[in-house]
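Presented below is the structure to which this report refers.
The values are calculated or read from the model by the stated rules, or taken from the named source; none is laboratory data. Small disclaimer: the values here were computed from a predicted structure and weren't measured. Cβ placement follows ideal geometry from the backbone for every residue including glycine, while neighbour counts extend to all protein chains displayed. SASA here: full protein model, heavy atoms, side chains in, ligands and nucleic acids out. Shrake-Rupley method; radii C 1.70, N 1.55, O 1.52, S 1.80 Å.
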Amino acid sequence: MGKIMTFGEIMLRLSPPGNQRFIQASSFDVTYGGTEANIAAGLSNFGHEVSYVTKLPDNAVGECAAAVLRKSGVDCSGISYGGPRLGIYFLENGVSVRPSSVVYDRAGSSMAEAVPSDFDWKSLLSDVSWLHTSGITPVISRNAAQITLQALKTAKEMGITVSFDLNYRVKLWTENIPEKQGIMRELMNYVDICFGNARDAALVLGYEEAGMDFISGDYEDCVDEEHMQRVRRQYGFTYLISSLRESISASDNSYGAEAAGDFGLYRGKRYMVHIVDRVGSGDVFAAGFIHGITEGRTPQQALEFATASAALKHTIPGDMNYARAAEIETLASGGGAGRVVR
């Protein structure tokens, strides 16, 4: 398998220490993250050759963001530099009955202000066999949507596998919803493997079925075999993959996943997770599935590795995953369960 590339926006994350509220904080913990950056770091951690493409401000803060990825073994040579600023998000970590909360400060970021000429996709993708991006980047600006479309079109022309996480973020969908859904539907013409389900498709793509309310109706309808397969066939995906999270509280969740393909619908093992940091768990889930498929595993085996990856990520602070593949394999095979390794 050749190089894997991810494309998207990385941001500065500022969090009050522990479970403090914003109003209590006199300092913030600093990390960097963004869904495609997290996936790039996760795949590098699993032993893949990975490159990451974005646009960063040409200043010390932008260089810090790139340095975090270089430290994880990610090739950052394709990053474009320029523009006004790095996007920021503030995360207040929830606990018990209090949910986590995110405040975005990303308007006018270098990635949002990027232009198509910042990226020479034929050159960037010349040694790549897999491209991954998500539904976040195309909705941060019209230019970012056009850049994403160029990336996916070029990848398809070059015979590169494309995976895409629908990644609905309600705070990015407060205006121009029909326009954004139209853009996202166009992008689906170039996607082979999609992370999402019928609810995500309804929100992001405007997907509809007569008599069904996927947005506010029963969630189980959104993830059952019938509707997962209908969504998959509608957009021509090889696989449609969805996590299955039950939130008991902000501190404890039940976590599982499923994959739909020509083989039917497969639901894997579920884990009870006590949450240290939930952010990035969906990203390492995607990285785990991509890892499994590129390693030649069956979709079912890839899903089990991905689910165990995400379960372990809940125990690691920060956006990125630092669990080793061997640790994940142990958990996926039924070992570990939190016992001390001596």
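When R233, R324 are checked against the criterion of being within 30 Å of E92 (Cα to Cα) and open to solvent by 10 Å² or more (accessible area, probe 1.4 Å), R324 stands alone in meeting it. Taking the numbered list (1) within 19 Å of the chain's Cα centre (by Cα); (2) farther than 22 Å from D75 by Cα in turn, P178 passes all entries but (1). For segment 38-80, the set of residues classified as surrounded by 15 or more Cβ atoms within 10 Å (Cβ to Cβ) and touching a Gly at 6+ places or on another chain (Cβ under 7 Å) consists of N38, S44, S51, V53, T54, K55, L56, P57, listed by residue number. Within segment 271-320, restricting attention to residues that are open to solvent by less than 10 Å² (accessible area, probe 1.4 Å) and of a type in the set (S, T, N, Q), which residue is nearest to T133 (Cα to Cα)? Step by step, filter segment 271-320, then rank; the result is S281.
Just to check your reading of the model, which residue among T161, T133 is buried (at least 20 other Cβ atoms within 10 Å of the Cβ), at negative phi, among the hydroxyl-bearing types (S, T, Y) and in contact with a Gly (Cβ under 9 Å, 6 or more places away or on another chain)? Going through T161, T133 in turn, the sole match is T133. Residue pairs whose Cβ atoms lie under 8 Å apart, separated by 6 or more positions or on different chains, with the first residue in segment 118-133 and farther than 15 Å from I39 by Cβ and modelled with pLDDT of 95 or more and the second assigned to a strand (DSSP E or B) and polar (S, T, N, Q), are D118/S80; F119/S80; L124/S51; S129/T161. Please verify whether M212 is of a type outside the set (D, E), over 22 Å from R267 (Cα atoms) and modelled with pLDDT of 95 or more, treating the condition exactly as stated. When the stated conditions are applied, M212 passes them.
Look at segment 200-214 and say how many of its residues are touching a residue at least 24 places away in the same chain (Cβ under 8 Å) and either among the aromatic types (F, W, Y) or in a helix (DSSP H, G or I) (or both). Summing the residues that are touching a residue at least 24 places away in the same chain (Cβ under 8 Å) and either among the aromatic types (F, W, Y) or in a helix (DSSP H, G or I) (or both) in segment 200-214 gives 6. Under the condition of being in a loop (DSSP other than H, G, I, E, B) and touching a helix residue (DSSP H, G or I) at 6+ places or on another chain (Cβ under 6 Å), the residues counted in segment 226-238 number 0. Looking only at residues in segment 1-38 that are among the β-branched types (V, I, T) and over 21 Å from T154 (Cα atoms), the one that is farthest from the chain's Cα centre (by Cα) is I23. Applying the criterion of being of a type in the set (F, W, Y) and surrounded by fewer than 21 Cβ atoms within 10 Å (Cβ to Cβ) to the residues of segment 251-270, the residue that is nearest to D319 (Cα to Cα) is Y266. The sole residue among T174, T154, T148 that is farther than 23 Å from C194 by Cβ and either open to solvent by 70 Å² or more (accessible area, probe 1.4 Å) or assigned to a helix (DSSP H, G or I) (or both) is T174. Residue under question is Y207, and the condition is that it be open to solvent by less than 80 Å² (accessible area, probe 1.4 Å) and over 22 Å from G264 (Cβ atoms); does it hold? Criteria not met by Y207.
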